[in-house]
Structures are given as structure tokens and as C-alpha cells.
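Read the structure below first, then the notes.
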Amino acid sequence: MAKYLLLKHYRGAPAAVNDVPMDQWTPEELSAHLRYMREFAARLESTGEFVDSQALSPEGTFVRSDGEGRPPVTDGPFAETKDLIAGWMVIDVDSYERALELAAELSAAPGAGGKPIHEWLEVRPFMAEHPPVTD
């Protein structure tokens, strides 16, 4: 089994086919989308392929250390993931092909008008743990 991160983007990815921003959906459209996501996760839970998922608020801050005793530095002159990452799902599957298959299915979650979004999802494998080097 290999773990993959499926990333949903607010923007930054190629435009979805049904490209109506979520903040313009009706409450019913939003409910249908969230129900699809929950049912998808429940199905993967039953097959042992689901690890975790979360939707993310668009609010957020980048933070880094500016040295001991100094206040943290926030934000910066770079693209911020709070503008890009809408949510994520971690799956644990037998193959890369299965990860792509599930991402494609997740991409068809309903959006505005109840029609599938056909959004682009980013599929990122977790780094494999390397065995310790011995001399």
C-alpha cells in the first residue's frame, strides 16, 4: 500500500469544467457537494483505502522564525497556500493507477447546478521512508 495526498485547490490549478466559485453556490448545492465527499470517504473507509480528509478555510497565515527572541514573521512575498489549497484527502492504495482512478472520481463531485465540477486534483505521493544508512 502507498499513501497519496489528493489536493483540492481554490485557485492555481487549471479551471474546472463547472467553474463556479463555491461561495456562489446555493446552500443545497453546497450540501450536495459535502454529501458526495462524505459518501466517497465512507466508501473508501469500507475498502480500507481512506486515511483522512479535511476541508480548509480560506483564511490562514504563513509563519516562520526570525531568530531566537524575535517575534514570528508572518506572510511573505510568495504565493500562499491559503489561496490555493481548499482541502485534502489522504488515501492508502495498492497502486498509483488506483490513486489516479480515485482522484478522477472525486473530481466529479457536484457543484453549481448539481453538475459535476470535473475539477483538477493534485495527486502527491507520500515520500517513502528510506532505510537507515549503515557503513
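Summary of computed values
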{"read-out": "Cut-off under 5 Å, modelled amide H: who pairs with Ile117 long-range", "value": "Ala109, Gly111"}
{"read-out": "Difference of contour (0.36 nm per residue) and Cα-Cα distance, Asp92 to Glu59", "value": "9.0 nm"}
{"read-out": "Added length on full extension, which subtracts the Cα-Cα distance from 0.36 nm per residue, Ala42 to Val123", "value": "27.2 nm"}
{"read-out": "3J(HN,Hα) from dihedral phi, the stretch 103-119, Karplus parametrisation 6.51/-1.76/1.60, rounded to Hz, x for glycine, proline", "value": "4, 5, 5, 5, 4, 8, 4, x, x, 4, x, x, 8, x, 6, 6, 7"}
{"read-out": "Added length on full extension, which subtracts the Cα-Cα distance from 0.36 nm per residue, Gln24 to Thr74", "value": "15.0 nm"}
{"read-out": "Peptide ranges 47-57, 63-73 listed from the most packed, as the mean C-beta count within 10 angstrom indicates", "value": "47-57, 63-73"}
{"read-out": "Inter-label distance for Asp66 and Glu101, nm, one decimal - labels placed 7 Å from Cα along Cα-to-Cβ", "value": "5.1"}
{"read-out": "FRET efficiency, Lys115 to Met1 (Cβ-Cβ, R0 35 Å, nearest 0.05)", "value": "0.55"}
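Bear in mind these aren't lab numbers, they're just calculated from the coordinates by the rules spelled out. Predicted model only: the values in this text are computed from it and were never measured. Note that we place each Cβ from the backbone using ideal geometry, even for glycine, and neighbour counts take in every protein chain shown.
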